[in-house]
1. Pick from T235, T211: which is of a type outside the set (F, W, Y), surrounded by fewer than 18 Cβ atoms within 10 Å (Cβ to Cβ) and under 29 Å from I291 (Cα atoms)?
2. Within the stretch 104-123, can one find any residue that is modelled with pLDDT under 85, surrounded by 15 or more Cβ atoms within 10 Å (Cβ to Cβ), part of a helix (DSSP H, G or I) and aromatic (F, W, Y)?
3. Could you tell me which residue of the stretch 211-265 is modelled with the lowest pLDDT, considering only residues that are of a type in the set (A, V, I, L, M, F, W, C) and not in a helix (DSSP H, G or I)?
4. Does the stretch 190-198 contain any residue that is in a loop (DSSP other than H, G, I, E, B), over 15 Å from the mean Cα position of the chain (by Cα), over 22 Å from F266 (Cα atoms) and of a type outside the set (S, T, N, Q)?
5. A32 - would you say it is among the hydrophobic types (A, V, I, L, M, F, W, C), in contact with a Gly (Cβ under 7 Å, 6 or more places away or on another chain) and at pLDDT 85 or above?
6. Considering only residues that are among the hydrophobic types (A, V, I, L, M, F, W, C) and surrounded by 12 or more Cβ atoms within 10 Å (Cβ to Cβ), look in the stretch 132-144 and name the one that is farthest from the chain's Cα centre (by Cα).
7. Across the stretch 176-208, which residue is farthest from R290 (Cα to Cα) among those that are crowded, with 17+ Cβ neighbours inside 10 Å and of a type in the set (V, I, T)?
8. For the stretch 207-256, give me each residue that is among the small types (G, A, S) and touching a helix residue (DSSP H, G or I) at 6+ places or on another chain (Cβ under 9 Å).
Amino acid sequence: MKKEKTCRLGKVGGQAVLEGVMMKSGDNVALAVRKEDGSIALKNSTFVSVRKKNKFLNFPLIRGCVNMVEMMRLSFSTLNDSTQLLGLDDMEPESKFDKWLQRKFGDKLMNIVMSIGMVLGVILSVGLFMVLPNLATMWLNDAAVSAGGPLPSFIQNLISGLLRILIFIVYLLLVSRMKDIKRTFAYHGAEHKSVACYEAGLELTPENAATCTRFHPRCGTSFIFVILIISILVTSFINWNTWPRWAIISTKLLMLPVIVGIGFEFLMLAGKHPNPLTRALSAPGLWMQRITTKEPDISQLEVAITALKNAMPEEFSGEDSKSDTVSQEAEAPADSANENPSDTESASNHDPA
C-alpha cells in the first residue's frame, strides 16, 4: 500500500475556479462547475506541454519558467471555460455601450477583457512585489546613509524580502474577505482534499475526501511563498550598495526566472518525496494555505472529485462521476503544463487560490 501511495504522488493537480475545479493529469484536463440548478457541467480537453516537443525546455530550472508561463495560459483558458459552462457569457448586456461591445467583438469580447486583466495583473504584481519593496528599502538605506552609513547589503535584501512577504499576506487577507473569493477558496480546499484522498489510496468519495487535509505542498500559494523566500537567499550574495537604483531593480527582475526555476524544483521534490526535511521547508507555504483554502461542503467535494476522475479516465473508467449535466468538447492539443503543481493556483497560481 505504501508503494501504491508513493506512485500516486504528483500524478494529478488542479486549480479552483468560479463555482468549480479544474484537474490536470498528464495531458488530460477536466473542468467541472456547479450550475445554478445544482447539476455539474463538465468539459474535458487535452493540453500538451511544449516541453514534450523540445527536450531543452525540460531541463531543471528552465522547465520551472516554462511551466509558469504554460500554467498562466492554462489558467486563462480555464477561467474563460468556467464562465461559459456557468452560462455567464450568455447574459444579455444591460447598457447600450455593453451591447455595442457585444456586436463589435462578439465571442472575442471575454477573451479581450481577460487578456487585458491578465496583463494589468502582471504589471500590478511586478509593481507590488518587486518595485515597491525595493524602492522602500532604498529609501530606508538613504535614511541610514544620512544617519552615518549605508545598511549592509544582506540587511537590505532581508528588508526587501520581508516587505514582499508582508504585502503578499495583506493582499491575501484582503481578497479573502470577498464573498465570491471565499467560495473559490472553498473549492480550492475541495481540490486539495480530493487530491489528498486520491494520493492516500482511499476510495474517492466526498465523505472520504472530507476527512483529508486541505493543505498540499504543491499548491500555487506555496509556490509563491517559496519564491519569496528564495529571492531573499539568492539576492543576498550581491552587494547592492554601489549599484544605481535602476540597475538594482532591473537585475532583480532578470533574476526572477532563476528564482522561479529553483522554486519549481523544490516544490516537485517536496510533493513527491515527503520527509521531515521537506515538510519543515514546506511549512511556511502550508501555513499560508490557511488563508487561501477553506473547508468545502459535500457538494463542492463532489465537483472536485468529478473533475479528478475525468482527468484520469484510464483509472476511473466506468465509474459514476456524479455529473448530471455533461458538456464535453474535444480540443486540439495546445501548449500547457505537464507537471501538476496543485493550482497552477499560479498564482498565481496559478493560484492565489
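The values are calculated or read from the model by the stated rules, or taken from the named source; none is laboratory data. Remember, it's a predicted structure, so these values are computed and weren't measured experimentally. All Cβ positions, even for glycine, are placed from backbone atoms using ideal geometry, and neighbour counts span all protein chains on display.
1. Details: T235 fails: surrounded by fewer than 18 Cβ atoms within 10 Å (Cβ to Cβ).
Answer to the selection: T211.
2. Checked against the condition, which is being modelled with pLDDT under 85, surrounded by 15 or more Cβ atoms within 10 Å (Cβ to Cβ), part of a helix (DSSP H, G or I) and aromatic (F, W, Y), the stretch 104-123 yields no hits at all.
3. So the first thing to find is which residues in the stretch 211-265 are of a type in the set (A, V, I, L, M, F, W, C), and the list is 212, 215, 219, 223-230, 232-234, 237-238, 240, 243, 246-249, 253-256, 258-260, 262, 264.
Next cut, not in a helix (DSSP H, G or I) only: 212, 215, 219, 237-238, 240, 243, 255.
On the way: C212: 94, F215: 89, C219: 81, F237: 75, I238: 76, W240: 72, W243: 80, M255: 83.
Out of the qualifying residues, it is W240.
4. Our first condition is that a residue be in a loop (DSSP other than H, G, I, E, B); within the stretch 190-198, this holds for none.
No, the stretch 190-198 has no match at all.
5. Numbers: among the hydrophobic types (A, V, I, L, M, F, W, C): yes; in contact with a Gly (Cβ under 7 Å, 6 or more places away or on another chain): yes; at pLDDT 85 or above: yes.
So A32 fits the description; yes.
6. Of the stretch 132-144, the ones among the hydrophobic types (A, V, I, L, M, F, W, C) are 132, 135-136, 138-140, 143-144.
Subsequent filtering for residues that are surrounded by 12 or more Cβ atoms within 10 Å (Cβ to Cβ) retains 132, 135-136, 138, 140, 144.
Working: L132: 23, L135: 27, A136: 28, M138: 31, L140: 33, A144: 38 Å.
Among those residues, the one meeting the criterion is A144.
7. Selected residue: V195.
8. We begin by selecting, within the stretch 207-256, every residue among the small types (G, A, S); these are 209-210, 220, 222, 231, 236, 247, 250.
Residues satisfying the conditions are A209, A210, G220, S222, S231, S236.
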